[in-house]
Amino acid sequence: MTSNTLPRLLRGAQGRPLTLAQHEETFAFAARRASMLEELDASGLRGRGGASFPTARKARLLRDQRNHSKFVVVNAMEGEPASHKDRTLLSTNPHLVLDGAEYLASIIGAKNIAVCVARDNPAVVNHVERAIHERARRSLRGPALELHTPPWRYVAGEESALVHWLDDNKSLPQYRTKRPHILKIGHSPVLVDNAETCAHVGLIGRYGADWFRGLGTDESPGSALVSVTGAVRRPTVLEVALGTPLRKVLEASGADTDPQAVLLGGYGGRWLDAAHLDAPYANEALAPQGVSIGAGIIVVLPRGACGIAESQRMVKWMANESARQCGPCAFGLPAIAEDLYQLASNSRDPRGAHQRLVERCAVIEGRGACAHPDGVVRMVRSALEVFAGDVASHLGGVPCAGSSSVQHFASVPTLERAEELVWE
Amino acid sequence: MGMRRRSGGFLLRVNPILCDGFGHCHELAPELVTTDEWGYPIISPTPVPLANMSALESARYAVRGCPRQALRIERLSEPA
Ligand code: SF4
Ligand code: SF4
């Protein structure tokens, strides 16, 4: 049994990945457990990839599939531009993630594990490759480990798109008629879990559920990795116990502790007004504001910046990242981005743009094959609520000072072909 | 049997990936399907009772008439 302090996942950080020997020295040997699924259930671990779905329930669903061959997929695609936690984790403790994947494989009876890292991250790809080699040399009998490197896109990390890529080399989300839906590679059912989730499983397998619940709240036990960007000294990944007040999290990351608002959950998440900064960082505490911690992303927006202009840049990029399979997403998101632009940039008719924006959000919601358009709609709506003051001044024809500033806070990759966005 | 089938509701559902947005379904089942500004179908998410024979009939027309076979009728067991 190990002591119950932070960091858990990032223990032993030394600027380069821990080797297998160092890893086992730090965390002890990952012995098999007969009652692993019960332990996972008791731990109350929820997925850290965005949906916060109970990991044990997902694993049980897959265990109950009667197939000879099954897959565990470790999702380290990290499509969110503001997220850095999975690559930090894989550059620190890659073996912990692999341990977790092996535990999950033993639960569901999988013979194959596919670790997916975006190929645009060569350093992380190298770390994982080396870790897999190290394990192969020890020739443990266990599931086969494979590394896959799909190209990086926002939706490529969506689980059905990822499985589609493994199955057929297409990073496109699939249409699912009912949920939960069992994704398949060929005929083999697939369990997809985020890399951080796997790392937690690796620790629960060693130290047990009681240890895991030693940090965090009753409903959100354990710790979580957070990527803090925006008004922060430097973009930071840190590990916090769930339930830590948000302001403490900002403090610890060296961010502006008196911001205007923070974006939680990613670019498909929600803005949270600074008035709620004393709320604990946990799903159940943030639910009244409609916010969830998602994949552990915090974008800090300082006072004086224009929330509408920041949202516009994100929506524009998200529109460009649409997989363009579904009409409402392919046409709707660029239209929303344009409306927001007209609202933010002192155009001739800000009121018309605002009204179109609200109507289009209602029209688009729930009509894509995946949640990509819903996320954008959620973010836009929360921006209109939280920055209501800014919206009013834009509507009155007096854009706020921040909207003409050239300093940006939410990091958005540059569009290769910005003109492609115009679809009409 | 006949009685049991009448008791539930149904939903017309579209697979947005297959749908091409030419809006034939809107013409075949105008009471169930409207279109958005880009021509893609908007289907009301509230279930229609199966007892509403004319709505069910037009839903079937739309399913059969969809050139991409993107539509299907989903039966819901609980009464609408
Ligand atoms: S909703 Fe958008 S991102 Fe999702 S599958 Fe459809 S087009 Fe692609
Ligand atoms: S008829 Fe089929 S393909 Fe055409 S708009 Fe309707 S659902 Fe889409």
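The values are calculated or read from the model by the stated rules, or taken from the named source; none is laboratory data. On a predicted model such as this, the values are computed, not experimentally measured, just so you know. Backbone-built Cβ (ideal geometry, glycine too); neighbour counts: all protein chains shown. Surface accessibility is based on the protein's heavy atoms, side chains included, excluding ligands, DNA and RNA. Shrake-Rupley method; radii C 1.70, N 1.55, O 1.52, S 1.80 Å.
Here are the numbers:
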read-out	value
Some residue of region A:185-199 being more than 21 Å from A:Ile108 (Cβ to Cβ) and either touching a residue at least 60 places away in the same chain (Cβ under 8 Å) or within 14 Å of chain B (Cβ to nearest Cβ) (or both)	no
Selection count, region B:52-80, where residues are within 12 Å of chain A (Cβ to nearest Cβ) and assigned to a loop (DSSP other than H, G, I, E, B)	2
Residue check, A:Glu196 within 19 Å of A:Ala295 (Cβ to Cβ), more than 14 Å from ligand 1 (Cβ to nearest atom) and within 19 Å of the chain's Cα centre (by Cα)	yes
Flag for B:Gly8 being more than 16 Å from ligand 1 (Cβ to nearest atom), within 13 Å of the chain's Cα centre (by Cα) and away from every other protein chain (no Cβ under 13 Å)	no
Residue in region B:38-54 that is open to solvent by 50 Å² or more (accessible area, probe 1.4 Å) and within 14 Å of ligand 2 (Cβ to nearest atom) present	no
Residues of region A:321-369 that turn out to be small (Gly, Ala, Ser) and more than 12 Å from chain B (Cβ to nearest Cβ), as a count	6
Checklist (1) away from ligand 1 (no atom under 16 Å from the Cβ); (2) touching a residue at least 12 places away in the same chain (Cβ under 8 Å) applied to A:Ser347, failing item	(2)
Residue within region A:83-100 that is among the β-branched types (Val, Ile, Thr), open to solvent by less than 10 Å² (accessible area, probe 1.4 Å) and out of contact with any helix residue (DSSP H, G or I) (no Cβ under 6 Å at 6 or more places or on another chain) present	no
Matching residues, region B:22-51, being within 17 Å of B:Cys66 (Cβ to Cβ), in contact with a strand residue (DSSP E or B) (Cβ under 8 Å, 6 or more places away or on another chain), at the interface with chain A (Cβ under 10 Å from one of its Cβ atoms) and in a loop (DSSP other than H, G, I, E, B)	B:Asp36
